[in-house]
Structures are given as structure tokens and as C-alpha cells.
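Scroll down for the structure; my scribbles are underneath it.
Nothing in this text is a laboratory measurement; each read-out follows from the coordinates by a stated rule. Keep in mind that what you see is a predicted model, and the values were worked out from it rather than measured. Don't worry about glycine lacking a Cβ; one is built from the backbone with ideal geometry, like all the others, and counts go over all protein chains shown.
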Amino acid sequence: MYTGSHVHRFDADGKGRGLAGRAEVIEFKGNTNTGTVDSTVDHSKSKKPVVQSPLGQTKFGTQAAKSPVITLYRNGDKHHKGEQFTVKSIKNLEQLLDKATQAVKLPTGAVRKIYKEGGKVTVKSLDDLQDGAKYLCVGGERIAEEDKLPQGWISA
């Protein structure tokens with residue numbers, strides 16, 4: 001009853017075969033099927049979305065890790081309010097020290113060490129930085145006495 005490409009979409013009784021009738025759709029590439037070239041498309045290997053998640057639980061689009069935002073304080077300046085700093089596109093500790101020097105502007109020169117809250121532990125790598133944490137920037141000098149430290153940075 002049906003001829004050509006329609007013969008595969010219907011069974012012998014004339015009922016539609018649904019997706020089974022469309023499993024081998026011909027994709028025209030300008031060539032015909034030969035022994036070496038097969039133009040059929042396999043729909044069983046369907047493409048999956050890039051981001052798989054339940055609808056409504058996450059935002060749409062590509063989800064990237066959030067860059068940590070830290071607060072940098074100037075050593076020896078008790079009136080310093082702190083500089084908000086986003087650790088974005090920084091590859092190593094040397095780059096962090098350079099950017100901290102530009103942000104904090106120590107009177108003694110470049111930032112050489114960054115201390116965590118408490119003043120006993122220095123930042124050795126970018127993995128040590130935590131989002132929302134406070135850090136004290138120090139040049140070549142030692143950490144100032146507690147009465148000269150910024151009010152927002154807590155020393156233990």
C-alpha cells in the first residue's frame with residue numbers, strides 16, 4: 001500500500017509504527033549509501049544536555065565555582081577598614097601577593113606575607129584561602145602590637 005520511505009513507517013496492517021518506523025532516518029550528505037559510507041542516523045545514541053539537574057533546583061546555564069571573596073587588612077593601621085578582594089584569575093601565591101600590594105598599599109612597601117585570622121599561620125597557597133575570611137597583609141616587618149592592629153581583624 002505504501003511505497004518508498006513510507007513503507008518502513010507502517011506495518012502490514014497499515015498502522016503506524018511510531019518511533020520504530022523512524023529509527024533509521026536518512027541523513028543526506030550529498031552521497032548515497034555504498035559499501036564504505038552509511039548515511040543512516042542512529043537515534044538510540046541521543047545527545048544528553050551539558051548540565052543534568054532536576055528542574056527548578058539549580059540555575060540555568062553553566063555553573064562555575066564561585067571565586068572566594070576575602071578581606072585584606074593593613075598591618076599597623078588600626079583605622080584601616082579592610083579591602084574586599086575577589087580571588088579571581090589568580091594562578092599562584094606570587095600573583096596574590098602582587099595584587100594584595102596594589103589593593104592594601106602598605107606604607108612599608110610590598111606585601112610579603114599574608115596571615116590568617118589569629119596571626120599565627122601564614123597563607124602558603126591559594127588553597128588556604130577561605131571565602132569570607134579576614135587576612136592581615138604584612139611587608140618585611142613583624143606583626144604590630146594588638147593595640148595597633150585593625151579593628152576588623154582579630155588577633156589571638
Report summary line: For segment 113-156 the GluC sites (Glu not before Pro) that pass both the DSSP coil test and the at-most-15 other-Cβ-within-10 Å test are Glu141, Glu145
**Report entry** Within-15-Å neighbourhood charge of Arg112 [Cβ basis; K, R +1; D, E -1]
**Finding:** +3
Report task. Quick one: of Lys88/Lys120; Lys88/Lys148; Lys81/Lys113; Lys66/Lys120, which pairs are farther than 24 Å apart, Cα to Cα? Result -> Lys88/Lys120; Lys88/Lys148; Lys66/Lys120
Requested in this report: Scan segment 82-146 for trypsin sites (Lys or Arg not before Pro) in coil per DSSP, keeping those whose Cβ has at most 16 other Cβ atoms within 10 Å, and list them by number.
Outcome: Lys88, Lys91, Lys105, Arg112, Lys120, Lys124, Arg142
Query - Phi to ³J(HN,Hα) by Karplus 6.51 cos²θ - 1.76 cosθ + 1.60 over segment 81-88, Hz, x for Gly, Pro - result: 7, x, 10, 6, 9, 9, 7, 10
